[in-house]
Amino acid sequence: MGCIRTQRCNTSGGPPMRWFPLSLRRVPTLFSGAVLLIATLSAQAQFNAQLTGTVTDTTGAVVAGATVKLTDDATHVSHTAVSSAQGFYSFHELPPGSFSVEAAAKGFKTTTLSNVVLVSNVPRNMDVKLEVGSAAQTVTVNGNEAPILQTADASISGTLDSEQLQKIPAYGRDPYELLRLTPGMTGDSSRAGNGQAVFLPNGAGPGQSNSGIFQTENQIQISANGQRIGDNNYLLDGVSVNSLTHGGAAVVTPNVEAVGQITVLTSAYSAEYGRNSGAQILTVTKSGSNQFHGSGSFTYDEPGLNAFNDYGGPAGQPTVRVQNKERDWAGGLGGPIYKNKLFFFLSFEGFKANNPTYASQWVDTPEFRSLLGSQRAGGISAGIATRSGEVPRINAVLDGTCALANATQVATVVTGDPAAYPTTQYPCNALPGGLDFGSPYGNLGSYLPATVTGTSTSQYSIGGGLDNIPDVEYAQLIEPAHSRGKQWNGRIDYYLTPHDQIAGSAYFTKLDSYSTGTATGSRPDNDVPFKPLNSAITAIYIHTFGANTVNELRANGTRFADNGIKDSEGTVNWGIPYDNLQTQSFDGTNDINFGPGTSTTTPSILAENTYEARDMVTHTFGSHTLKAGFEYRIEQDNDNLSGAARPTYAFEGMWAFANDTPIYEAIYADPTTGGVPNTARYLWDHYYGAFVQHDWKVSSNLTLNTGIRWEYFEPLYSHGEDINYPVLGPAGSELADAALVPHHHLWNSQFDNWSPRFGFAYTPPGQNGKMVVRGGFGMAYNRLPVALFNNAAEDGPGYFNYSLCCATTSSAVTGGNIVYETGSSSSPFSYAANPSLITALNARNLPASGATIEVYGAQANLKTPYSYVYSLEVQRELPWEMVMTVGYQGSTGRHYTRLVNQNFLYDNTNTPFYASYFAQSDSNQYYNGLNAHLSKRMKYGFQLDAIYTYSKAMDQVSNGDQADASANQTDPANNRTELGPSDYDLRHRVTVSGLWTIPGTHGGNGFINALTNGWQVNGIYTYHTGFPFTPVTYELHGLSSVTNTSEVTPVRPLAYYGGAKTGCSNALFEPGAGNAFAAGGSAYFDITPPANGAGTNPGIGRNSFRGPCYQDTDMSFAKEQKIRWLGSNGMLRFQANFYNLFNITNLTPFVFSTNATTVESTEFGQAQSADSGRVIEFLGRIRF
């Protein structure tokens, strides 16, 4: 499963908070007030661009005492520095943008460099040469003509400016979709056939956005330098906007109109960066200037424009196309409030979308529901099944045969006689309205025997015998999904004095959506709304202490909140339990389910709050720049998992459901009352960080960067009542003598998190400044995400997870424990208490009756994961404004986490746990890559970035940051055997992006000029080889060196015989003679169980096979027209975006333990679906 218990992992933005509820009606008022308040706060938006250089004369001798003046072209705000005895000058804490540099010294001409572009968080070096002469004489140089090498530090990075974000196609106008364009990044932003984001293989969590910038936790599917997705770090205007629950996810995604620049560091060697070791994603909000400027856009998506993909699935499923019907409108406005002093910028984006998807599913027929209403009147199940909200949404009835349902078509129908087919397990009769599987048997409350007496026929399936009434039909279901969203943003910049700058920004994002699920038959009762409010408020205060010292103070608050109970008032009846009908012939792949979907977060009241303060002082002396700073953060994850109060029932087929006789019940309850559990949990922590960074320009051609950082990640603690946390017993009786012990902190503190950083940039002599060698080494720690631990809430007190099994004819209702009921109202808390669940506890806080429970915990000595990152590369300036960079990039990770069931590791004799999942920090990660990067900066209307990477990523588990069955290991007791290619390892990958304005005419005919000028072509080409996958089997189980452990399944086969075809073309992974495993999985792998039934060791390596290759071209074609609007020059732009322009078929990656990777499956080696076909959208934009 991709979604376990308290995970917020609905990739459409729903459900998963509670706390400090904020009405949407108050947002505009609060927004206006916040903007005014920010202008008076002494705290942080982001100023982290910097410019350094050396002033020399034409002979190369340094010039001391030169006055260097830096002026912002947009605001005309200026800064002044004096070159040191070594000729060195520097400017720090600058906003990104275009500047002019003026240098003057006695006896020299004044030199001015114009159009000097600075990028946030990437230091730029710009040397200035002075010519002998009068100061009244001036020399002007275009800064764009200056060398474009990165000579100030060793970081590997990329920058996305506002022009790229507006012109290159980005799905859903999500600027983070383009992060993959950075060197050292793995990710393709692929979309499934229905348009939904595709996880990197075996991923789980919230996923990449399906709602544009309105995704609550936007977890872009990218791996930086071979590290986990959860290692990525998102900063907005210089402060954290990271999700606390899921690593590598942003709770606020800024709209394109508001983004000034995004800088992405895939290897960072400055000690100022902490919290995570992966990509540092640094977004800067636009600011106002001395001129009023603004923009507006409208985006139009219509499904009729889109193409069908060419592959529906291995069983011949119909092909599909993206059905998104979306409208998006946005605008921004900035300008002066008081020229040269006070500036503002405001932006807004709204959208509405109707994004239905389709799935083929077995569902109950109207005749079946009518039969229950007439023959089981008054029954609970009949009352549920006959509700109007339980009617499946069917787009088309498909040809569903008995064979397709894994049942046997009978030759002659004998009605009312379940024993008529003694050798047939699943008798079936195809009728015009569906399949007849049987009829009701017995009475309300009576349990069915497993088989019909004297036969092998499943009584669960046939009940009282065939009756010529269709019970199930195979249908294409339509799954509606509707969303509306609004985002407000504002920013203020105030240059209070020449020494004081104040700035701030605010974001408020509101999503109003609902979606259903085909797993529950796409029934209206499962239309679950999700209406979160996300916000981030940031403030900055910068003070300059003379010419050499600058201090920057930042503060922010980030919040994500949703009240699922309030959201669903009047629309969802949580008093209906979740009913799962299993043991039909199609069991396991297509269970029929009734009632709203089940999880502890449906519904729930959730809130994440982050409060942060940072301070950094920068001091320059001689050719040295010294930075020192600290961070303090309060992190609160507050959950009330109300969905835990709803029971889930399992029935042995349709006729057990008709009789109200569940075999199984899962319910969370208070062990002292048997009633509604206390599911409110507040998991908090604090973060402390401090650093010192020293940048030394040793000479005009050598820069050294050294630093050290210290971080303390406080272990999660329960704010309020302590949590019962599992503690294992002594060696030999780890499980038998385990106990639940009240814990405040969930694991032990670790204070020795020191991380040194080093980098250099060296320009070899004799190269005319056209070559630089850069390298670095650093160490960085990673915060452990809450998703690893929030399931521990079920350990109590006041909260147990009960699994009641198994009621049968011989053991009716397990001694009376299972209570099949509906709630007394639509509230999830309206179910009656079950007295049989009242549990006396022994001295170890475990059930005194000996009943077993499920628990979640962590090793007491859990370590903070960390990574070593390192690189060495050479940059060479080429003609035509191009730079070629070739180099090595690598990382090594230690103490990465995995979630392990301790029942697999220790003797289960007298265990109190039927499952005991512990977080363990004992896994490693390795990455080695060769990057080749050709870039051409914008000139003559053309810009290009081309990146090729040859790499190998290895680990023992790729997605161990949360409960995720897709990340399961096949040999967890022997972690060393799990070392293999990571789930997202790609041997070769290519990414090319570019902007091109097609040359036009320049004659005297204005009409011809307007018609032929302003045409643009922009886009991205992506190619990579296949992701790896692991063949597994359920025919075997793992071998353990410890007696009486739980069996691990699925596991890897005993051996690979050879003979499979190799390559990555689609034909190798589609059904047919050309398939790589055309003879069937068992012809290539040994999955024969030992005669004695013993466990086995894996005979092949993890991720030892490769899936299909991927290639995609996303393009935009645009026409720009200059206009005069409101007395100023403007630009009108019409753009058409084409995703998968050439409609190439990309098969979806192979996922763990699916039909595609299960050796005994008839679909082994066959892709289960394909990515989306061509998608077209139109965009209109005005800029002034």
*asked:* On the basis of being in contact with a helix residue (DSSP H, G or I) (Cβ under 9 Å, 6 or more places away or on another chain), more than 19 Å from LEU200 (Cβ to Cβ) and surrounded by fewer than 16 Cβ atoms within 10 Å (Cβ to Cβ), does THR1012 make the cut?
replied: no
*Test for ASP922: is it surrounded by 20 or more Cβ atoms within 10 Å (Cβ to Cβ) and either acidic (Asp, Glu) or not in a strand (DSSP E or B) (or both)*: no
*For region 1095-1118, state whether one or more residues are in a loop (DSSP other than H, G, I, E, B), of a type in the set (A, V, I, L, M, F, W, C), at pLDDT 95 or above and closer than 30 Å to GLY1038 by Cβ.*
yes
*Can you name every residue in region 269-318 that is surrounded by 17 or more Cβ atoms within 10 Å (Cβ to Cβ) and among the hydroxyl-bearing types (Ser, Thr, Tyr)?*
TYR269, SER270, TYR273, SER277, THR283, THR285, SER287, SER289, SER295, SER297, THR299, TYR311
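One line per residue, one yes/no per condition, for (1) polar (S, T, N, Q); (2) in the same structural domain as PHE88 (by the TED database); (3) surrounded by 18 or more Cβ atoms within 10 Å (Cβ to Cβ); (4) within 30 Å of CYS428 (Cα to Cα):
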residue: ALA547; (1), (2), (3), (4): no, no, no, no
residue: GLU552; (1), (2), (3), (4): no, no, yes, no
residue: ASN556; (1), (2), (3), (4): yes, no, yes, no
residue: ARG559; (1), (2), (3), (4): no, no, yes, no
residue: TRP574; (1), (2), (3), (4): no, no, yes, no
residue: ASN580; (1), (2), (3), (4): yes, no, yes, yes
residue: THR583; (1), (2), (3), (4): yes, no, yes, yes
*Just need a number here: residues in region 189-222 that are among the small types (Gly, Ala, Ser), touching a strand residue (DSSP E or B) at 6+ places or on another chain (Cβ under 8 Å) and under 27 Å from THR558 (Cα atoms).*
6
*asked:* Test of understanding: among GLU608, GLU569, which residue is crowded, with 22+ Cβ neighbours inside 10 Å and over 30 Å from THR408 (Cβ atoms)?
replied: GLU608
_Which of the numbered conditions does GLN375 fail, given that it passes all the others? Conditions: (1) modelled with pLDDT under 95; (2) closer than 25 Å to VAL391 by Cα; (3) surrounded by fewer than 17 Cβ atoms within 10 Å (Cβ to Cβ)._
(1)
*For ALA736, all conditions in the list (1) out of contact with any helix residue (DSSP H, G or I) (no Cβ under 9 Å at 6 or more places or on another chain); (2) in a strand (DSSP E or B); (3) aliphatic (A, V, I, L, M) hold save one; what is the number of the exception?*
(2)
*Go through region 583-609 and give me each residue that's of a type outside the set (A, V, I, L, M), at pLDDT 90 or above and more than 29 Å from the chain's Cα centre (by Cα).*
PHE594
*Does region 429-463 hold any residues that are more than 21 Å from ALA650 (Cβ to Cβ), surrounded by fewer than 18 Cβ atoms within 10 Å (Cβ to Cβ) and in contact with a strand residue (DSSP E or B) (Cβ under 9 Å, 6 or more places away or on another chain), and which are they?*
GLY433
*Please specify each residue of region 64-80 satisfying the condition of being over 25 Å from VAL284 (Cα atoms) and not β-branched (Val, Ile, Thr).*
ALA64, GLY65, ALA66
*What pairs come up if the first residue lies in region 490-518 and is farther than 22 Å from THR283 by Cβ, the second is assigned to a helix (DSSP H, G or I) and of a type in the set (Lys, Arg), and their beta carbons are under 6 Å apart, counting only those six or more places apart or on different chains?*
none
*Looking at (1) within 17 Å of the chain's Cα centre (by Cα); (2) modelled with pLDDT of 95 or more, which is the one condition that is false for SER209?*
(2)
*Would you be able to tell me the number of residues in region 860-891 that are surrounded by 17 or more Cβ atoms within 10 Å (Cβ to Cβ) and not acidic (Asp, Glu)?*
16
_Total residues in region 69-83, condition farther than 26 Å from GLY288 by Cβ and modelled with pLDDT of 85 or more_ = 1
*Are there any pairs with C-beta distances below 6 angstrom linking a residue in region 1159-1184 that is within 14 Å of ASP301 (Cβ to Cβ) and of a type in the set (Lys, Arg) to a residue that is at pLDDT 95 or above and buried (at least 19 other Cβ atoms within 10 Å of the Cβ), with the two at least 6 apart or on different chains, and if so which?*
ARG1174/ASN1140
*Just for strands (runs of 3 or more DSSP E) wholly inside region 334-422: which have at least 1 residues that are in contact with a helix residue (DSSP H, G or I) (Cβ under 6 Å, 6 or more places away or on another chain)?*
342-354, 357-364
*Can you pull out the residues in region 447-497 that are within 40 Å of the chain's Cα centre (by Cα) and of a type in the set (Val, Ile, Thr)?*
VAL472, ILE478, ILE492
*Would you say GLY434 is over 30 Å from PHE345 (Cβ atoms), under 41 Å from the mean Cα position of the chain (by Cα) and modelled with pLDDT of 95 or more?*
yes
*Considering only strands (runs of 3 or more DSSP E) fully contained in region 564-682, which possess at least 3 residues that are among the β-branched types (Val, Ile, Thr)?*
605-621
_more than 30 Å from ASN910 (Cβ to Cβ), surrounded by fewer than 16 Cβ atoms within 10 Å (Cβ to Cβ) and in contact with a Phe, Trp or Tyr (Cβ under 6 Å, 6 or more places away or on another chain): is that true of VAL992 in this structure?_
no
*Kindly indicate which of TYR649, TYR668 is of a type outside the set (Gly, Ala, Ser), under 24 Å from ASP637 (Cα atoms) and touching a strand residue (DSSP E or B) at 6+ places or on another chain (Cβ under 8 Å).*
TYR668
*How many residues are exposed (fewer than 12 other Cβ atoms within 10 Å of the Cβ) and among the polar types (S, T, N, Q) when one looks only at region 53-71?*
2
*Run GLN693 past the list (1) more than 30 Å from the chain's Cα centre (by Cα); (2) at pLDDT below 95 and report the number of the one that doesn't hold.*
(2)
*If you scan region 1027-1043, which residues turn out to be surrounded by fewer than 24 Cβ atoms within 10 Å (Cβ to Cβ) and of a type in the set (S, T, N, Q)?*
SER1040, SER1041, THR1043
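The values are calculated or read from the model by the stated rules, or taken from the named source; none is laboratory data. A quick note: this is a predicted structure, and the numbers were derived from the prediction, not measured. Using ideal geometry, Cβ is built from the backbone for each residue, glycine included, and neighbour counts are taken over all protein chains shown.
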